[in-house]
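Taken together, the values in this text are just the output of simple stated rules run on the coordinates, not laboratory data. Worth saying up front: this structure is predicted, and the values here are computed from it rather than measured. Glycine gets a Cβ as well: all are built from the backbone with ideal geometry, and neighbour counts include every protein chain shown.
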Amino acid sequence: MAKLDIGQLRMLEPHIVCLGSHPGIIQSILDFDYLAGRREPSISAIINSGRNVERYFFGKREVAVPVFQDMELLPEHIRSQANLFLNVFSGRRVINSSRAAMRHFPKLVGGVVFAEGLPEQHAIQLYNETEERGIWIVGGASVGVVIPNILKLGAIGGTQASQLNQSRLFTPGSVAVISSSGGMVNEIIRTVASSGQSLSFSLALGGERFPLVSPQVAFQAAEDDPQTQTIAYFGELGGQDEYVIVDMLKSGQISKPVIAYIAGAVADLFETPPQFGHAKAMATHADESARSKAEALRSVGAHVATRYGDFVKSIQELSHPLADVPDKLTDALVGRTPALFASTVSGDVGDDINILGRDLLDFAENNSFAHIAVSMFLGRDINSPELEKFVDFVLKLLVDHGPYVSGAVNTMVAARAGKDLVSSLASGLLTIGPRFGGAINQAAVTWLDGVASGQTPAAVVEELAKKRHRIAGIGHRKYRVDLPDPRVSRLLEFTDELKVKPYTSFALGVEAETTRKKGTLILNVDGAVAAVLLDLLAVGEGYSEDQLRSLTRTEFFNALFVLSRSVGFMAHYFDQVRLDEGLFRLSPDQVAYMYHDSEL
Ligand code: ACO
Ligand code: LMR
């Protein structure tokens, strides 16, 4: 039988991964952490589709909790530290997500399943698997586990900061509250608190037919916990679990005083057994009735109240009240308003102007423009001098390529039409796209896919040719095998010192294939920048394949061309204004007329 070791949990630095997102519960856990004096939130990640981050308050400060689409995408440092999970997925998704947590988290101790309606077959399978792994899962339909000042894993104890305080979750005490009902567990916690006492821990078993942590395991946890002096138990009709507790009390396995209430005695008044709210709450045999279970517990020394009011009274009469503790400053957490935007890039608060958390003046004085630009694009201060040198070179190299190229032409046409600097620049920038300058990003996708597929460059070229797809980063109107682009070989030199350069090697492999077909299908500057940048980010900055892929989703790889060529476009704008040649207009002989060509 899996063991729930409360003492071990008290010693544990919790690293919780939320399977699914439930903003109210997550915020309450962060409030608990903050008020308990933790420096960092105990939740390290959320597995959910949708956003990349979710924003929560940690005290008054907003923090970003990273969100990952699935467990495979969790970074290694989160995966290797995760020791608890909170599963708030719907019932049918519980088994696979909990299994994934068991597979991926080597330090996993336990978890909570919040959903109601976990299929019974899944519950049994999960139970067996937790036994094999020697971990525990509380639930389904559980509001969780709480240990004052240490751990809040679920909605237990409340979701508002004021409720946490009123439940005395920051004053360790000696009453263990165990309940199958989530609503009642909070009610009883509050009764304990308002009687001037505190919890040693509390746990909601959940009202499912097969609770993954049984009352037996929970009682044993309370018995073994040195801080627990009394066990307060709220049970209900249905099931036989309480008879195991009876045996434990009879044999002395449970020696601590038990105060209990078993709900559902009213069921005896019905001719056919009524089903109460919880799946488990129905007595089909006499010994499953609330009355029989209460009597059995009473017969072995438990103090079992007949009415709920008497149960409350027995809690109030417990002889170990604690001194009143000063209110945690929960008021300070009330009325927090989320900011309209979040930024990881820069700020200007008071007299502190910063970029990526570093003083702007210091950052500007001590770094090259290339370092600043690429760090800001990536949202993190880069470390690798090779990457900085490469970016610096690219920014200079791609600055212009004559007035003939598409973007420069559009800038010049706009300038001659009398447009202003920004409009002329914009018309040039709007020309950057899949055929001109903006093929770097798609080339990066092709090199990434090619390397990941394990296929040879020849096979990839064939596949794309069959689909009649042009390969981004390949081909040039001017350059060909016997007239190479001088910029490309210079760009490739930046990988000379790299021991591994899979992306550059793959791009060159593709070029070898395409130039066999046609001499103009050389690796162009866009393709070369993409390949070298991928290798330098992977080697020098430790980017994983997934991280590189997520950069392509925002077109990061095109940014260097856009930035650099803006200089060229502006130069052409100034040039045209200086030369003042007037409005540009094509003459009729510069257009071919094809009105009668029915094929078009
Ligand atoms: N992949 C596969 N086949 C290609 C490619 C390519 N990237 N580029 C051209 N071809 C083929 C064409 O399908 C065509 O084949 P066909 O003769 O059998 O019909 C032939 O080569 C000639 O095509 P054109 O469009 O006439 O070639 P052009 O020299 O005008 O094109 C261009 C140059 C636009 C760059 C083209 O090669 C291309 O689209 N490349 C991919 C996009 C790209 O990398 N652009 C960035 C260029 S560098 C820069 O802008 C800074
Ligand atoms: C450029 O750098 O603009 C080019 O290589 C594109 C071109 O058409 O020459």
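Peptides 82-90, 410-418 ranked from most to least packed give 82-90, 410-418, packing being the mean of other C-beta atoms within 10 angstrom over each peptide's residues.
The charge dipole of the range 51-101, taken about its Cα centre with unit charges on the Cβ atoms of Lys, Arg (+1), Asp and Glu (-1) only, comes to about 200 debye.
The angle between the Cα long axis of helix 385-397 and the main principal axis of the chain comes to about 40°, on a 0 to 90 degree scale. Entry note, the chain: the mean residue ellipticity at 222 nm calculated from DSSP H runs of n ≥ 4, each adding -39500 (n - 2.57), is -13000 deg cm²/dmol after division by the residues and rounding to the nearest 500. Translational diffusion of the range 186-225, estimated by Stokes-Einstein from the Kirkwood radius over alpha carbon pairs at 20 °C in a medium of 1.002 mPa s, is 186 µm² per second.
Would you mind getting me the FRET efficiency between residue 384 and residue 306? Use the beta-carbon distance for r and R0 = 41 Å, nearest 0.05. Display every interim value, and only then the final one.
Details: r = 73 Å, r/R0 = 1.78.
So, using R0 = 41 Å, E works out to roughly 0.05.
Rounded to the nearest 20 debye, the dipole size of the chain about its Cα centre is 740 debye, using +1 on the Cβ of Lys and Arg and -1 on the Cβ of Asp and Glu.
Starting with the highest mean, order 180-186, 518-524 by the number of other Cβ atoms within 10 Å, averaged over the residues of each peptide. Numbers along the way, then the final one.
On the way: 180-186: 22.9, 518-524: 19.7.
Those peptides, ordered most packed to least, come out 180-186, 518-524.
Here is the link list: 389/499; 478/517; 389/501; 107/256; 466/518; 467/518. Which ones come out longer than 20 Å on Cα distance? With Cα atoms farther than 20 Å apart: 107/256. What FRET efficiency, computed as 1/(1 + (r/R0)^6) with R0 = 60 Å and r the Cβ-Cβ distance, is obtained for residue 583 and residue 364, rounded to the nearest 0.05? Using R0 = 60 Å, I get an efficiency of 0.90. Taking the DSSP beta bridges with both ends in the chain, the antiparallel portion is around 35 percent. In straight-distance terms, cross-link reach from residue 60 covers every one of the lysines whose alpha-carbon lies under 17 Å from its own, apart from those fewer than eight places away in the same chain; here that gives 328. The protection proxy used here, the mean number of other Cβ atoms lying within 10 Å of each residue, ranks peptides 397-406, 525-534 as follows, highest first: 525-534, 397-406.
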